[in-house]
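Single-structure report; data block below.
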Amino acid sequence: MLMRTDPFRDLDRLVDQVVGTPSRPASMPMDAYRNGDTFLVMFDLPGVGPDSIDLTVEKNVLTVHAERTRPVGADDVEMIASERPQGSFSRQLFLGDALDADAIEADYRAGVLTLRIPIAERAKPRKVEIRSHDDDQVAIDT
């Protein structure tokens with residue numbers, strides 16, 4: 001059996017964990033999708049207490065701020081491995097005018113923060129009535 005050796009594999013993994021990648025930021029991975037008339041945004045925040053999550057909306061900018069701290073008493077121990085990021089994390093999303101920022105719902109369960117952002121009524125497709133003026137025809141005498 002042949003094995004490929006990459007001397008920089010551990011360094012690459014460490015950089016990906018600390019800095020992240022374009023598709024997966026290290027601090028707060030996110031999925032976002034549309035389901036009917038609602039956008040759902042899900043943030044992975046394992047190990048973060050619900051009291052340390054702050055969600056704000058200012059104009060069209062939604063900001064999620066969270067803090068993960070070391071367990072109580074962790075200062076007195078010798079760390080053997082420390083791969084989980086600690087500290088403050090934040091992520092901003094720019095909400096389009098088609099979304100109703102006043103009706104956002106947030107739920108935190110099993111380390112996942114789920115936001116439900118409804119589409120604004122003014123942005124939903126609607127039928128436009130067409131008026132006909134055929135009954136108002138006037139005869140022209142020449």
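Annotation: per residue accessible area for region 25-76 equals 62 Å², rounded to a whole number [probe 1.4 Å, protein chains only]. Annotation: amide H of Leu95 within the under-5 Å range of Val61, Leu62, sequence separation 5 or more or interchain, hydrogens built in the peptide plane. Mind checking which of Leu99, Val77, His65 is farthest towards the positive end of region 64-115's charge dipole, using Cβ charges of +1 (Lys, Arg) and -1 (Asp, Glu) about the Cα centre? Towards the positive end, the residue furthest out is Val77. At the residue level, Ser90 shows approximately 70 square angstrom of accessible surface with a 1.4 angstrom probe and all protein chains present.
The values are calculated or read from the model by the stated rules, or taken from the named source; none is laboratory data. None of these values were measured; they are calculated from a predicted model. Ideal geometry is used to build each Cβ from the backbone, glycine not excepted, and the neighbour counts take in all protein chains shown. The protein model used for the area step is the full one, side chains on, heavy atoms only, and it has no ligands, DNA or RNA in it. Shrake-Rupley method; radii C 1.70, N 1.55, O 1.52, S 1.80 Å.
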